[in-house]
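The values are calculated or read from the model by the stated rules, or taken from the named source; none is laboratory data. Fair warning: this is a prediction, and the values are worked out from it, not measured in the lab. No Cβ is skipped: glycine too gets one built from the backbone with ideal geometry, and neighbour counts run over all protein chains shown. SASA here: full protein model, heavy atoms, side chains in, ligands and nucleic acids out. Shrake-Rupley method; radii C 1.70, N 1.55, O 1.52, S 1.80 Å.
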Amino acid sequence: MKLILCKTYEEMSSAAADEIAELLQVNPHCTLGLATGSTPVGMYRQLVRRYEKGELDFSEVTTFNLDEYYPISPKNDQSYYYFMHENLFDHINVAPENINIPNGSAPDPLAECRYYEDKLTANGFVDLQVLGIGQNGHIGFNEPDGCLYASTHITELTESTITANSRFFESEDDVPRKALTMGIGTILKSKKILLLANGKAKHDAISALLDDRITTAIPATILKTHPNVILICDEEAYYG
Ligand code: F6R
């Protein structure tokens, strides 16, 4: 795992945007795997700024998001559909038909998971997957458990994730209890992975990434088996 240690969140966001810009230059038809949450917001801001300056072109890019709450309407301002449009898609020239996000209002969630995984498979998965990390070490919504799931699936959120994400909702009761998420196998099929982490709250999860353990109790530790991961983090996440 390559480490890019940054002094500030802005520096981290810029380093992450550099990785995407570099990929777009060599492969304008690339597929990006995208994450939501507060961590990548600065990176999305950078990408929008660079697009506005005419430095980036997303017209041939395909995107697949990692996850979505279930059930949730795309119109709900806490849905990841809404988040992605607000923070990125509405401000760049990505083609709407090239945007893929698990459908949080699909009547049959299992069929939706199969459809999403099949679409990723047909696409050859993603060239670059951006990941945040939960305080409990989750990636996507692959929560700590006795076993992990290989492909896109529906999952129950843990209490730790519900509490952490309640900051975005009016109350903890409003946080959906389930989510549709790419599986660990789906994520590991990405050609390259960019894991972003900032702030002290992520220190324990980042420490576990940097020692030699691989455990389903800290799902991100499985990234140690992937040959092309870049960890971009700030000093608070790294040193605690
Ligand atoms: C979001 C996602 C989650 C977040 C993680 C960290 O699409 O899959 O795994 O990356 O919960 O969230 P933040 O960045 O809000 O700390």
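Summary table below
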| quantity | calculated |
| --- | --- |
| Filter pass, residue 127 being in contact with a helix residue (DSSP H, G or I) (Cβ under 9 Å, 6 or more places away or on another chain) and surrounded by fewer than 23 Cβ atoms within 10 Å (Cβ to Cβ) | yes |
| Residue pairs meeting the criteria (Cβ under 7 Å; at least 6 apart or on separate chains; first touching a residue at least 40 places away in the same chain (Cβ under 8 Å) and among the acidic types (Asp, Glu), in the range 50-71; second open to solvent by less than 10 Å² (accessible area, probe 1.4 Å) and assigned to a strand (DSSP E or B)) | 67/179; 67/180; 67/181; 68/179; 68/180 |
| Pair list, Cβ < 8 Å and 6+ apart or interchain, from the range 149-172 residues that are in contact (Cβ under 8 Å) with a residue 40 or more places away in the chain and closer than 24 Å to residue 189 by Cβ to residues that are assigned to a helix (DSSP H, G or I) and open to solvent by 50 Å² or more (accessible area, probe 1.4 Å) | 152/114; 154/110 |
| Of residues in the range 46-92 being assigned to a strand (DSSP E or B) and not hydroxyl-bearing (Ser, Thr, Tyr), the one farthest from residue 124 (Cα to Cα) | 68 |
| 3 or more residues open to solvent by less than 60 Å² (accessible area, probe 1.4 Å) and closer than 13 Å to residue 137 by Cα: qualifying helices (runs of 4 or more DSSP H) within the range 177-240 | 203-210 |
| Count - residues of the range 132-159 that are open to solvent by less than 20 Å² (accessible area, probe 1.4 Å), among the aliphatic types (A, V, I, L, M) and either farther than 28 Å from residue 118 by Cβ or modelled with pLDDT of 95 or more (or both) | 2 |
| Test: residue in the range 160-174 that is part of a loop (DSSP other than H, G, I, E, B), open to solvent by less than 50 Å² (accessible area, probe 1.4 Å) and within 12 Å of the ligand (Cβ to nearest atom) | no |
| Number of the exception - residue 82 against (1) open to solvent by 10 Å² or more (accessible area, probe 1.4 Å); (2) within 16 Å of the ligand (Cβ to nearest atom); (3) in contact with a helix residue (DSSP H, G or I) (Cβ under 8 Å, 6 or more places away or on another chain) | (3) |
| Single match in 97, 112 (criterion: in a helix (DSSP H, G or I), away from the ligand (no atom under 16 Å from the Cβ) and in contact with a strand residue (DSSP E or B) (Cβ under 7 Å, 6 or more places away or on another chain)) | 112 |
| Hits in the range 10-63 (condition: in contact with a helix residue (DSSP H, G or I) (Cβ under 8 Å, 6 or more places away or on another chain) and of a type in the set (Lys, Arg)) | 45, 50 |
| Exclusive hit being modelled with pLDDT of 95 or more and surrounded by fewer than 17 Cβ atoms within 10 Å (Cβ to Cβ), set 3, 24, 47, 32 | 3 |
